Amino acid sequence: MRPHLCQFFILSIIILSACGEEKSITLPTAMQLEQAHERYKEPGFDKRRFVQKDMLPVLQKHADAFKFEILGNSVEGREIYQVNIGEGPVKVLLWSQMHGDESTATMALFDIFNFLKAEDSAFNEMRTLLKEQLSMKFIPMVNPDGAERFIRRNALGIDLNRDALRTASIEAKILKNAQTDFSPHFGFNLHDQSRYYNTQGNRHPATISVLAPAYNEEREINEVRLNAMKVIAGMNKLLQQIVPQHVGKYNDAFEPRAFGDNFQKWGTSTILIESGGFPEDPEKQYIRKLNFIAILGALSEIASGQYEKYSQDEYFSIPDNESRLFDLLIKNVKVESGDYTYTTDIGVRRNENNLGREHYVTGVVSDWGDLSTFFGYVELDAEGLSLSEGKLYEKRVDHEKLSISEAMELLKQGYMWVNATNKRKGELHHLPLMVVTPEESVDSEVNMGGKANFFLKKEGQLRYAVVNGYLVDLMEENPDILLQNRF
Ligand SMILES: [Zn+2]
């Protein structure tokens, strides 16, 4: 049997008062943690796509300061590391990237290592509190084989988060053993979610979503789950200071095979954090900062016992996730189809494709019709504008010699596609044009489910282009967006 949690907090208050503390520690604000992040952000990561080989030298930097354990090896033999920090009575396990393409929190955990290792007067009191009250174990990349390919599943094609019961995959077994061996009081289950989630009823992306997973079908609330809810309520309060309305609550339907649900069932108060999207943050570096703030804030609440003051009502008042976002939402555009003219909204999403450490996108028309209940990261009211197809520039072009302004010139003349003389396929380019080889067929028709390449005309003049799902204002010299197109 584990001692009751309250005993630890009674103990911690005694310790604090024995040290001459009059009252409990004042926890840092979100703004203070935001500044700390600027200082302690790990420079070894600046993009979402990295592999274990990139992570190991960064991990090595902490070998003197923190104790490492190798919990085991992945299917393809990559080590799964655990970093142990702190000697306190309250045990916390944090694990990230059990889905190989969900790396935002992994970056944040390394920022937290830098923070915990450092010494500065502004945060020393907090560091001492964390290290004296908590025993923290971090597993920063549960699925290194998936990370190698930047895919969700492991090398056997198994989704680790549906393998908590069967543990057919070695990585799931390792995570389960980590829980059994340590019996943590608190667990942080760190993931990324679709950037198309908004917070219910408003246009803001659910940049961070949270959940105290259910431990049974009835979604009952016992003390274990309630403590997770309280920690989340505190975390939400902190995040609202800097990203109001950007925090959503993930669906709490019981998933009997998932880790979060089972950790909760096994007696660990489990907090799910899902990193979603934020405007103009394709590499999720701002969202990484929010993870740093949320996790450190939550750890401080746990270490000080201050999470106890929150209620389940505060948790339930967090708006639910909703999936009503597009990358680009064009409203009220006129479409002529034969003799028929009608008005439609066009919802565009840009699907991501891996390209080594980079990615390129494929812009598609993902919905069409009345989208008045949806939102866009970028929205355009196209009242008075009509849809128009692009043309192929037949003459061969060496696209590598094409400047952005020359490409813009072609676009302004109605050319959406250019034929390239250079036939190397698969490279990334940032031109506001679709570059194709002469062998490729060009489909200029615009419709639901098709590619998002078209123009918007006003009184017969081209006004905007949508190139591979990106909105380009044709009145501008250089579009102020980084287009991730692929030749
Ligand atoms: Zn996930």
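The values are calculated or read from the model by the stated rules, or taken from the named source; none is laboratory data. These figures come from a predicted structure and were not determined experimentally. Neighbour counts run over all protein chains shown; Cβ positions are idealised from the backbone, glycine included.
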Quick one: in the range 117-171, of everything that is in contact with a strand residue (DSSP E or B) (Cβ under 6 Å, 6 or more places away or on another chain) and either within 16 Å of the ligand (Cβ to nearest atom) or of a type in the set (A, V, I, L, M) (or both), which residue is farthest from SER103 (Cα to Cα)? LEU134
Looking at the range 244-297, which of its residues are surrounded by 20 or more Cβ atoms within 10 Å (Cβ to Cβ) and either part of a loop (DSSP other than H, G, I, E, B) or outside the structural domain of ALA30 (by TED's automatic domain parsing) (or both)? HIS246, TYR250, ALA258, THR268, GLY276, GLY277, PHE278, LYS284
Got a sec? Which of ARG127, ARG166, ARG195 is surrounded by fewer than 22 Cβ atoms within 10 Å (Cβ to Cβ), basic (Lys, Arg), modelled with pLDDT of 95 or more and not in a helix (DSSP H, G or I)? ARG166
So TYR81 clears everything in (1) assigned to a loop (DSSP other than H, G, I, E, B); (2) modelled with pLDDT of 95 or more; (3) within 20 Å of LYS131 (Cβ to Cβ) except one condition, right? Which one? (1)
Of (1) under 19 Å from ASP159 (Cα atoms); (2) among the polar types (S, T, N, Q); (3) in a loop (DSSP other than H, G, I, E, B), SER121 fails just (1)
Among the residues in the range 312-321, are any of a type in the set (Gly, Ala, Ser), in the same structural domain as MET136 (by TED's automatic domain parsing) and part of a loop (DSSP other than H, G, I, E, B)? yes
Number of the exception - SER304 against (1) more than 24 Å from LYS117 (Cα to Cα); (2) touching a residue at least 12 places away in the same chain (Cβ under 8 Å); (3) of a type in the set (Ser, Thr, Tyr): (1)
Per the filter on the range 108-124, residues closer than 23 Å to SER183 by Cα and surrounded by 24 or more Cβ atoms within 10 Å (Cβ to Cβ) are LEU109, ILE112
With the condition kept exactly as written, say whether any residue in the range 68-81 is over 25 Å from the mean Cα position of the chain (by Cα), more than 16 Å from the ligand (Cβ to nearest atom) and under 20 Å from ILE302 (Cβ atoms). no
Hey, does the range 417-431 have a residue that's at pLDDT 95 or above and either over 32 Å from the mean Cα position of the chain (by Cα) or under 19 Å from LEU329 (Cα atoms) (or both)? yes
